[in-house]
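Notes for the one structure printed next.
Here, each number is a calculation from the coordinates, and none is a lab measurement. A quick note: this is a predicted structure, and the numbers were derived from the prediction, not measured. Reconstructed Cβ throughout: ideal geometry from the backbone, glycine too, with neighbour counts over all protein chains shown.
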Amino acid sequence: MNPCSSPGTGADLTRRARGGPAEPSAGGPSSGNTSAARDRRDLDEPDPRRWRILAVLLVAIFMSLVGVSIVNVGLPSIQEGLGAGQSQIQWVLSGYALTFGVVLVAAGRAGDLFGRGFLFVLGVAVFTLASVAAGLATDPMMLTIARFVQGLGSGLLNPQGVGMIQQYFRGPERGRAFGLFGSMVGIAVGVGPLLGGLLIHLGGVDQGWRWMFFVNVPVGLLALVLALAWFPRPLLHRQRGRAPREALSELDPVGALLLGLAILAVLLPFIEARAAASPLMWALLPVGALLLVGWMRWERRYKAAGRLPMVDLAIFRTRSFSSGTALIGLYFLGITSVWVLIALYMQQGLGHTALESGMIGLPNALASALAANWAGRHVLRLGRKVVVAGMLSVLLGLALSVLVIELEDHGIGSEWWLLATLALVGLGQGAVVSPNQTLTLAEVPLEYAGSSGGIMQTGQRIGTSVGIAVITAVSFTVLPGSDWAQAITAGFGLIGLVVLSALAVGVLDLRHRQRTGAGPG
């Protein structure tokens, strides 16, 4: 494709994603028979290194996700160990979430242009070094800065992982790869709180929380060694026929800045809501909306000028991508609050330790890993049915969890029945996230794999931040006039309503596929 030409229409995008040629650009020269033949051969012949590449991705993703979930159980110890105030400890979470969410799309696009392997290695290195700095922090400010840098590293490496799975895997193997990816997500999210509680138990208040950051270092070093040994050479994979200087000119810095500021303006009020920030912070929401409109206009103008935008907005006319992105954004709007509420219930409501609180999620993680692996193998045959069934399992698990909490509140049964009911949530989780990723990105062209994956992950980050702020606010509003059981029940009820809305999107997309034959139902 002529590097100065527009990426094309939604139909064009779909054709290239399926391995077919895009329609020639108006006025653009033909790419030549040799290059076209090489492109087709690359699509037909899978790279023999693909499974080793996936192994490196899984190691790094495990590290970055454990680095997120492990901190949640350690916040009280960090606060006591560093003598941090409530607003300072809030920024330990907020700093990571902000930089992670802001850089995702731009980092994904940079990987599309300059080479996903290079950006991935850079992200792992940044995350690992920031983990060392966090573990050595002597005051809350040093820890907060280290967490900002950790979020930057995670934002650099995560979209490259999605992009490289798109790049190196085809057909049913891509579903299997995303299934293994989802299994690692489930294991990491479940192991993190348990590992954090264990380290705090062994190391005490003063040192235990430091080891929660140091534990990332050997994993990060392993990922770097394996990447340098197993990734194809050179790590800088520039697109065919495109010089590095030309690729640099297509980074679309104005688009990256506008989108980054828009995401920052939307995320910050919800993240800071948990720290009782000034009401004036909510004025950033309309500012974010205006910046988002400005970004969309800029991207259309950039494309009309014959250049490749950071995000080709035509991709949203691809039904599978727009439906899947909306579905997962809504799903994360609800589901990520489950573990915040469970941690509050177990520790503050029932007086359990951080280690005991972490144990409650272990069956959930194992169930999620098994379900993700199974769903990845069958998603191309069963399609959206897998995702719909997964959300039904989540809703059943949430309802039974509410029943357990209410019965325990009346002196019947035990809170440890949550091990079983939350395992149902885990089964659903594994059948939702990775299969949806496979279906959503199935028709995305390779040259936009990173930025499209970044869009999906940004939607998840925004959903997570908004959901946690709103749902915990509802629970804390109920708490003063009632008890922890009623507060958690109210929160779980709201989560269920949000997941129901995601289910509605999935059912509509399923019916569309069955009606039009646009893919497996």
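Using just the alpha carbons, could you tell me how many Å³ per residue the convex hull of segment 312-514 encloses? Intermediate values should be presented prior to the final figure.
On the way: hull volume 23.0 nm³, N = 203.
Dividing the Cα hull volume of segment 312-514 by its residues yields 113 Å³.
With only alpha-carbon pairs counted, each pair once and no self-pairs, how large is the Kirkwood hydrodynamic radius of segment 252-309 in angstroms?
Details: mean 1/r = 0.0821 Å⁻¹.
Over segment 252-309, the inverse of the mean reciprocal pair distance is 12.2 Å.
Estimate the FRET efficiency between Arg511 and Leu396 by the formula 1/(1 + (r/R0)^6), using the beta-carbon distance for r and 22 Å for R0, to the nearest 0.05. Could the numbers behind the result be given before it?
Numbers: r = 22 Å, r/R0 = 1.00.
Computed FRET efficiency for Arg511 and Leu396 comes out at 0.50.
Taking 51 Å as R0, compute the FRET efficiency from the Cβ-Cβ separation of Glu80 and Ser414 and round it to 0.05.
The pair Glu80/Ser414 has a calculated efficiency of 0.95.
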